[in-house]
1. For Gln91, which of the numbered conditions (1) surrounded by fewer than 17 Cβ atoms within 10 Å (Cβ to Cβ); (2) over 24 Å from Pro174 (Cβ atoms); (3) touching a residue at least 12 places away in the same chain (Cβ under 8 Å) fails to hold?
2. Look at segment 19-53 and say how many of its residues are free of Cβ contacts under 8 Å to residues at least 60 places away in the same chain, of a type in the set (A, V, I, L, M) and farther than 20 Å from Glu84 by Cα.
3. Can we say Ala110 is farther than 12 Å from Leu159 by Cα and of a type in the set (A, V, I, L, M, F, W, C)?
4. Inspect all residues belonging to segment 133-147 and state whether any of them is within 26 Å of Pro63 (Cα to Cα) and either without any contact (Cβ under 8 Å) to a residue 24 or more places away in the chain or assigned to a loop (DSSP other than H, G, I, E, B) (or both).
5. Give segment 101-151 a look and list any residue that's closer than 13 Å to Asn166 by Cα and modelled with pLDDT under 90, or say none.
6. Hey, among the residues in segment 73-116 that are polar (S, T, N, Q) and in a helix (DSSP H, G or I), which one's nearest to Arg135 (Cα to Cα)?
7. Could you check, for segment 153-171, whether at least one of its residues is touching a residue at least 60 places away in the same chain (Cβ under 8 Å), buried (at least 22 other Cβ atoms within 10 Å of the Cβ) and not polar (S, T, N, Q)?
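The values are calculated or read from the model by the stated rules, or taken from the named source; none is laboratory data. The shown structure was predicted, so the numbers you read here are calculated from the model rather than taken from an experiment. Heads up, the Cβs are rebuilt from the backbone with ideal geometry, glycines too, and the neighbour counts pull from every protein chain shown.
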Amino acid sequence: MSGGVDLHSHTIASDGALSPRELVREAARRGVRVLAITDHDSTEALAEAFDEVAKHPPMTLVPGIEINCDVDGGEIHILGYFLEYQAEWFQTFLREQRAERKERVYRIAARLAELGMPIDPDEVFALVKEGSAGRPHIAQVMVARGHVKSYREAFNRFLRAGGPANVPRKKLSPAQAIAIIRKAGGVPVLAHPGLADLDGMIPDLVKAGLLGIECYYQEHSAAQTRNYLQMCKDLGLVATGGSDFHGLHIGRTNPMGTPAVPLSVYEALRTKAGEARHSRPT
């Protein structure tokens, strides 16, 4: 059985397939003992998740977030852990992010119509209700309407960065995302760097306040994992890892609890969180 630590997962509050309660139950079934929920631009899942986790001792839930950022040549994602997420200023920021996501759905829908693949934005919003709408939901509607055969085709042909149906979102730099997470007393971590192939940015991100790298990731090669672990050691960063579980609908089939992440990773993250809270920018 898989298990241990999973510090990257998503619910229907963003682009996941499971409710918070269902996600916690799936984590328990997989033997996960430390779970972080890291929805995009939303912490709406956490109240329900904490309630369900209490029914599955000794499971621990780590409050988290994932923020998408634009950079020259692509995008990178910044994870945040142990944030004071209930702060009103932080929730205001998240509401603004979700509002921008909603406007982007309309812009992408208009672009798809120009390409002869009309979709109704309301179909997209029905998938997320009050959550964070995004390209994964648009891809689901494209599949349902028969415009493409799969989620992967929707992204690879149309919705990827630079794709014919993609439109830019409001710019948020990695440094801005890091600063927001640090202000909330959290630990900012670079998500799945092997997917972005922008490792040259990492020293500058550290200068901006980055405190960790997601080293253990199913789509990283063994060599990449070793490289990121060494980078964490050299730069004084915490190494994290997780499945990035969304559900089968997006085409990424990583089960919860994979790859194997040592319990020591959670312990190091918790220590780093204490340090971050005491050294947060004023």
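1. (2)
2. 2
3. Yes: the conditions hold for Ala110.
4. yes
5. Of everything in segment 101-151, those that are closer than 13 Å to Asn166 by Cα and modelled with pLDDT under 90 turn out to be Arg101, Gly134, Arg135, Pro136.
6. My answer is Gln97.
7. No, that holds for no residue.
Residues checked against (1) surrounded by fewer than 22 Cβ atoms within 10 Å (Cβ to Cβ); (2) at pLDDT 95 or above; (3) not hydrophobic (A, V, I, L, M, F, W, C):
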residue: Met1; (1), (2), (3): yes, no, no
residue: Gly4; (1), (2), (3): yes, no, yes
residue: Gly16; (1), (2), (3): no, no, yes
residue: Val32; (1), (2), (3): no, yes, no
residue: Ile37; (1), (2), (3): no, yes, no
residue: Ala47; (1), (2), (3): yes, yes, no
residue: Thr60; (1), (2), (3): yes, yes, yes
residue: Glu75; (1), (2), (3): yes, no, yes
